[in-house]
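Please treat every number below as a calculation from the coordinates, not as lab data. None of the values given here were measured: they were computed from a predicted structure. Every residue, glycine among them, receives a Cβ derived from its backbone with ideal geometry; neighbour counts consider all protein chains shown.
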Amino acid sequence: MNKPKKQVIPALLSILLLFSMAIPTYANHQESEPVSTKKQSPSYVDLVDQKATSQTKSLFAYLESVRGNSILFGHQHATTEGSTISVNDGTESEVNKAVGDFPAVYGWDTLSLEGKEKPGKWEGTQAENRDALINVMRIAYEKGGVLNLSAHMPNFVTDGSFYDTTGNVVTHILPGGNKNQEFNEYLDMIADFANNLKDNQGNAIPVVFRPFHEQNGSWFWWGAAFTTPAQYKEIYRYTVEYLRDKKRVRNFLYAFSPGSPFNNEEAKYLTTYPGDDYVDILGFDTYNNGEGTELWLKQVVEDAKLISKIADSKGKVAAFTEFGYSNMKVSGNPDIEWFTRLLNALKSDSDAKRMAYMLTWANFSAEGSFTPFRDHRTYGNHELLDDFIAYYNDSYTGFNREVSGAYNIEVKTTKEDGIIHTASPTDKATIKNATTTIRVRAIDSTVSKVVYSVEGSDKEYTLKFNAKENYYMADWQPKASQNGKTVQITVKAYLGNEVVYEEPISVNVEASDVVAKTYDFDSSIAGMTSEGTYPESISMELSHDKKTLNNGAVRLDVNIPDASQTWQELKLKMENLELTNVNKLKYDVYLPIVGNESATIQGVATVPPNSSEKYGMGQSKRLADLEKVKIGNDVYGKYLAEIDLSSVEELEAVTELGLSIVTSNLNYQGPIFVDHVQLLNDYKEPVLDPLVVDEFEVYNGSNAKLDEKYTVASQGDPIKLSLDQDHKESGDYGLKYEYNLGGSGYGGVTKILGGVDWSEQNTLQFWYTPDGNDQKLVIQVKANDVSFEAYPSLAGDEPQLIQIPFSTFVVATWDTSHTGEKLDAVNAKKVQEFSIYVNAKEPGTTLSSVLYFDDIRVITE
């Protein structure tokens with residue numbers, strides 16, 4: 001259907017007529033009415049940034065006015081990539097060459113600011129890359145276009161790419177993490193770009209900013225397998241707050257865009273939603289390869305319909321933030337009417353059609369284009385060009401010429417009620433340190449106090465406001481009895497006596513050196529006694545020193561006369577101890593260095609009544625290498641004894657410990673000090689067999705812990721995992737795998753293995769019970785960045801032990817860049833992931849069923 005005419009000035013009309021004569025394919029193209037005239041825009045908008053520039057507020061209102069009247073077409077790198085354009089300076093476009101018009105929405109990525117994508121240059125400075133991106137964006141803006149900036153950020157832990165999923169990146173870049181500063185510097189780069197992106201009148205140019213997209217997948221380091229939902233929410237919030245509040249970026253609209261499908265489940269779409277106060281545009285991303293398009297179109301319509309309704313309820317703009325015909329060939333495609341079929345599917349539903357825009361990916365090469373091209377020097381016209389022209393000619397699509405008045409709508413922002421949220425720790429976070437800082441952000445919100453409490457106690461501890469960091473903050477130290485367990489912390493904010501905010505947070509405590517008891521000997525040395533010396537030629541007298549060191553210490557006045565002795569032991573004993581939840585001992589020893597630089601010291605412990613078994617051996621240090629401390633007029637060395645007691649059986653039944661200071665080649669007469677004795681609980685990571693994928697015993701019956709280790713395929717049909725005691729090969733538990741085939745035609749789960757070495761093995765073995773439905777079971781192993789698959793049968797229903805030789809695994813059909821590779825010793829050296837999928841054998845299959853698995857491991861057969 002041709003677009004209805006609009007009035008144009010004669011000169012422009014003449015130019016268009018001449019242009020149409022030169023390219024006959026455009027002869028029937030007629031422009032639609034300017035999109036902005038079709039719907040009354042709102043007078044007030046509720047934005048993430050209530051101080052947004054007038055042009056930014058206008059853009060939001062404009063995008064909302066578009067919904068239901070048109071879908072704006074967008075293209076990533078529209079004017080900086082393309083196999084038929086001669087320059088990438090923002091003046092040419094492959095879309096324009098194909099249909100005679102530029103896209104309405106222009107997309108770029110922060111990779112351009114890094115010099116990793118055009119118009120940036122690898123050898124360019126940050127300022128040069130910034131200015132290059134600003135120049136092409138300004139040209140698009142001057143055409144009236146809508147600008148979009150996505151963010152494929154590097155791995156801040158490993159310095160790898162956004163595809164490098166190692167290192168638990170989000171944990172490290174959130175406040176308190178050791179890579180937070182590096183992340184801030186990256187955000188500084190974005191802010192510098194945003195604050196310099198201005199038109200000729202000096203007005204900031206609006207941009208739709210879309211960070212951390214497709215987070216429910218697991219191909220980026222911010223994906224579902226590598227972050228908890230709470231962590232994702234907080235890194236998104238932190239990004240917004242840093243850019244908006246700290247760097248004063250006022251020209252961003254913020255987009256949220258997980259990957260499709262969502263199976264008509266609002267909760268699934270909102271799993272990682274950071275909140276209405278942090279998102280302006282609700283979007284979704286999805287791709288199709290031209291096969292099974294009908295099923296995919298059905299999903300797209302369902303997703304668009306769902307998101308459109310959510311957007312309406314929240315006062316947000318709904319958009320198709322990323323889509324594409326993946327693996328689209330120049331010719332020989334299975335679907336050559338893909339664009340118009342997608343458009344007609346969206347138009348068929350009154351809610352689905354209300355997407356403000358739809359943006360496809362970049363044309364980085366002719367063979368990997370996402371929009372069809374015209375007159376390629378090698379290929380000529382793309383096979384889907386006619387369909388793309390039909391898509392363009394449809395009156396419901398909006399291209400650049402039809403964008404009008406996007407930046408001059410007079411609107412105001414609504415006043416925010418205030419925001420309070422807990423920034424750290426996040427829900428379901430794993431605590432690795434003995435001290436954790438609780439941070440609470442309160443923005444435009446008046447509170448009289450902020451407190452936290454810990455399960456098992458009603459006592460509330462106050463968080464103090466830190467003006468420099470702009471958080472209410474307090475340090476929490478878990479108890480030794482809580483280490484290795486899940487603990488709930490409840491954060492509250494009060495206004496007077498009224499609780500205005502309350503959030504329970506569950507954290508997994510796996511901390512080093514949680515203190516059970518500390519002895520600083522400030523008031524006495526009660527419980528510390530002498531057990532003598534070895535050899536007996538050494539003398540030692542024990543006393544309480546109240547002045548020399550800190551506020552008090554154990555003083556040992558010793559005479560060690562013979563420097564030739566290699567074992568010189570000063571024996572102490574601590575009595576009346578409570579050693580429940582204790583598995584480690586620490587204490588400080590101070591002794592003079594001068595004249596004894598070559599002597600050594602180590603701390604050891606014994607557990608009475610067995611004094612012959614010594615713990616902590618092998619940690620001796622030269623006195624010359626110790627930290628130097630001035631005590632009086634003498635230079636002392638400070639030695640920290642750290643002794644692992646985890647191998648002591650039934651330590652909780654013991655009430656005494658022997659502490660020994662062992663020196664060698666020391667000749668000294670005078671005082672030695674012992675201070676700061678600590679009884680600790682040090683979390684011990686379970687030693688897992690790298691050859692075992694899962695035996696399902698380590699979760700201790702907790703389905704929540706099971707869910708933390710497995711990630712459901714974001715674009716697949718629903719999968720539910722649970723531990724089962726009735727269907728198993730050995731132990732107490734097996735895995736119950738419930739699948740529901742429907743819209744996607746497949747579903748699956750993945751466990752991250754982290755690069756274990758299987759190079760000495762040759763066979764995967766597991767016990768399973770098939771369901772007799774004869775669908776396609778896919779066992780997938782990602783090794784050395786290659787996805788290998790095997791396909792055991794689901795035809796029968798008898799429990800069985802199955803062995804799959806590595807030699808029978810094949811490269812996944814979609815992993816075309818590794819076709820022909822083998823799961824050999826080289827690739828099996830680094831095994832990264834293990835997945836279980838069930839695929840429908842026939843399109844349109846709907847089925848709910850259950851499989852059981854146990855004892856998944858690799859062996860040598």
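At-a-glance table
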item: Burial ordering of MET617, MET528, MET328, fewest other beta-carbon atoms within 10 Å first; result: MET617, MET528, MET328
item: The chain: angle of helix 180-196 to the longest principal axis, Cα-based, in degrees nearest 10; result: 30 degrees
item: Spread of Cα-to-Cα distances over 5 Å intervals beginning at zero, given as percent, for region 465-548; result: 3, 9, 11, 11, 12, 12, 11, 8, 8, 6, 4, 3, 2, 1, 0
item: Lysines whose Cα lies under 17 Å from that of LYS584, excluding same-chain neighbours fewer than 8 positions away; result: LYS432, LYS479, LYS517, LYS573, LYS614, LYS684
item: Share antiparallel - DSSP beta bridges, the chain, percent rounded to 5; result: 80 percent
item: For region 692-859, radius of gyration divided by Kirkwood radius, i.e. Rg to Rh on alpha-carbons; result: 0.94
item: Taking region 692-859 and dividing mean pair separation by its residue count, relative contact order in percent (alpha carbons under 8 Å, at least six apart); result: 33 percent
item: Cut-off under 5 Å, modelled amide H: who pairs with ALA423 long-range; result: ARG439, VAL440, ARG441
item: Cβ-based exposure ranking for VAL447, VAL208, VAL629, in which fewest neighbours within 10 Å come first; result: VAL629, VAL447, VAL208
item: Calculated SAXS-style log₁₀ I(q)/I(0) at q = 0.09 Å⁻¹ - the chain, Debye, Cα scatterers; result: -1.02
item: Kirkwood Rh in Å, taken over region 32-413 so that all alpha-carbon pairs contribute; result: 20.8 Å
item: Where chymotrypsin sites (Phe, Trp or Tyr not before Pro) fall in DSSP loop in region 215-289, at most 14 other Cβ within 10 Å; result: TRP219
item: Residues ASP475, ASP694, ASP245 arranged by fewest to most Cβ contacts within 10 Å; result: ASP475, ASP245, ASP694
item: Förster radius 51 Å - calculated FRET efficiency between VAL87 and GLU760 (Cβ-Cβ, nearest 0.05); result: 0.40
item: Chymotrypsin sites (Phe, Trp or Tyr not before Pro) lying in DSSP loop within region 104-197, provided at most 10 other Cβ fall within 10 Å; result: TRP122
item: Virtual spin-label span in nm between SER457 and SER611, 7 Å along Cα→Cβ; result: 3.9 nm
item: On Cα atoms only, tilt of 338-347 relative to the major axis of the chain in degrees; result: 90 degrees
item: Per-residue ³J(HN,Hα) for region 809-822, Karplus 6.51 cos²θ - 1.76 cosθ + 1.60, θ = phi - 60°, Hz, x for Gly and Pro; result: 6, 10, 5, 3, 4, 7, 8, 5, 6, 10, 3, x, 6, 10
item: Contour minus Cα-Cα distance for ASP199 and GLU185 (0.36 nm per residue); result: 2.5 nm
item: Square roots of five times the Cα gyration tensor eigenvalues for region 515-681, Å; result: 24, 18, 15
item: Cα centroid separation, region 492-555 to region 624-658 (Å); result: 13 Å
item: Inter-centroid distance (Cα atoms) of region 690-733 relative to region 118-151, Å; result: 47 Å
item: Between region 401-463 and region 278-302, the Cα center-to-center distance that results, in Å; result: 31 Å
item: Cα-based convex hull, region 367-476, per residue volume (Å³, whole number); result: 317 Å³
item: Solvent-free Debye scattering, log10 I(q)/I(0), computed from the Cα coordinates of region 419-512 at q = 0.10, 0.21, 0.23, 0.24 Å⁻¹; result: -0.24, -1.01, -1.18, -1.27
item: For region 180-326, alpha-carbon Rg relative to the globular expectation (2.2 N^0.38 Å, N residues); result: 1.12
item: Residues listed by number, region 680-697, amide nitrogen under 20 Å from SER730 label point at 7 Å toward C-beta; result: 686-697
item: Kirkwood Rh in Å, taken over all unlike Cα pairs in region 462-509; result: 12.6 Å
item: Over the chain: helical MRE at 222 nm, DSSP H runs n ≥ 4 each giving -39500 (n - 2.57), nearest 500; result: -5000 deg cm²/dmol
item: Qualifying chymotrypsin sites (Phe, Trp or Tyr not before Pro) in region 758-861, DSSP loop, other Cβ atoms within 10 Å at most 15; result: TRP814
item: Bins of 10 Å, starting at 0 and running to the largest distance - Cα pair percent for region 328-400; result: 18, 49, 27, 5, 0
item: Hydrodynamic radius of region 594-720 per Kirkwood, over alpha carbon pairs, in Å; result: 19.4 Å
item: Cα long-axis angle, helix 293-314 against the chain (0 to 90 degrees, to the nearest 10); result: 70 degrees
item: Under 14 Å, Cβ to Cβ, from ARG138 - net charge with Lys/Arg +1 and Asp/Glu -1; result: -1
item: Contact order relative to length of the chain, as percent, for alpha carbon pairs under 8 angstrom and 6 or more apart; result: 10 percent
